[in-house]
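The block underneath contains the structure these notes are about, expressed in structure tokens.
Nothing in this text is a laboratory measurement; each read-out follows from the coordinates by a stated rule. Keep in mind the model is a prediction, meaning the values are calculated, not measured. Quick reminder, even Gly has a Cβ in these numbers, built from the backbone with ideal geometry, and neighbours come from all protein chains shown.
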Amino acid sequence: MKSKEFESEFEKLLYIMDKLRGPDGCPWDKKQDLYSLKPYIIEEAYEVVEALEKDDMGLLKEELGDLLLQVIFQSQIGKEKDLFDIDDVIKGIIAKLIRRHPHVFGDENIETASEVKKTWEEIKKKERINKKEDSILSGVSKVQPSLNQAFEIQQKAAEVGFDWDEIEDVILKIDEEVEELKEVVHNKDNDRVEDELGDLLFAVVNLSRFKNVNPEIALLRTINKFKKRFDYIENITEKNNEDINQLSLEELDNYWNEAKEK
């Protein structure tokens, strides 16, 4: 490694990945394929978002590196199978960026963000036709989290006018779904509960869309907030020599309120 010179850190990274997959490489890395790495791609993407939520730039830099590694890993395997390599991946995104920004790389005159979005969707529509996708919903990835899927599906439906006119209508729909859930929540038929709970979540996603809030990120923020407050409870009970398992709900709730204040 020391004797070999590289023109860039990127070239060095490609060399390392090739070495890890080579005959004298790492047994774990050599064992992986395009599909076995799927959980790690999802995990690393979420860790990037979590670093942003923490506003930790050092952690963000590290997590972006981990996410980049997954792109390099997939591209190395694709190269070994004569499917594609990292150059193909880069060329593909370059072509897409140029194609979808005719106001920057072409002659179109677009000045506002809303005009950009409209043009973007028109270009994507042409791309769907070229790919022979039958539905405007075809482009929504089925492997991403359900909240993200719901958000994107609603966005695409709204683009053709299938949407509520006012945010008050969305709130009324949420109230309606809450009432329907109440009617079945004590029902022994869990399928009904699952249906109504799903309807409620879908309606709440609609509200997040109206407020331009990504529901997945909103939920992640709440999860992190819950973890931070629960960590406080664990630490304070340990400090006070208390057994957290023996405390009443009221006592735990008091500590929870302390955590909120702090």
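Miscellaneous remarks
- Cα centre as origin, Lys/Arg/Asp/Glu Cβ charges: the range 158-204 dipole, Debye: 280
- Take the convex hull of the alpha carbons in the chain; its mean projected area over all directions comes to 23.4 nm².
- Helical mean residue ellipticity (222 nm; -39500 (n - 2.57) per DSSP H run of 4+; nearest 500) of the chain: -23000 deg cm²/dmol
- Quarter of Cα convex hull surface for the range 9-99, i.e. mean projection, nm²: 7.2
- Each Lys and Arg Cβ is given +1 and each Asp and Glu Cβ -1; about its Cα centre, the chain then shows a dipole of about 1360 debye.
- Put a dot 7 Å past the Cα of Asp231, heading toward its Cβ, do the same for Val178, and the two dots end up 3.2 nm apart.
- Which listed pairs, of Lys188/Lys228; Lys117/Lys156; Lys12/Lys79, have C-alpha distances above 24 Å, in listed order: Lys188/Lys228
- Dimensionless Rg over Rh [the range 26-181; C-alpha; Kirkwood]: 1.03
- On full extension, the segment bounded by Leu207 and Lys30 gains 59.2 nm, given 0.36 nm per residue less the C-alpha separation.
- Taking other Cβ atoms within 10 Å as a rough exposure proxy, Thr222, Thr119 sort from fewest to most as Thr222, Thr119.
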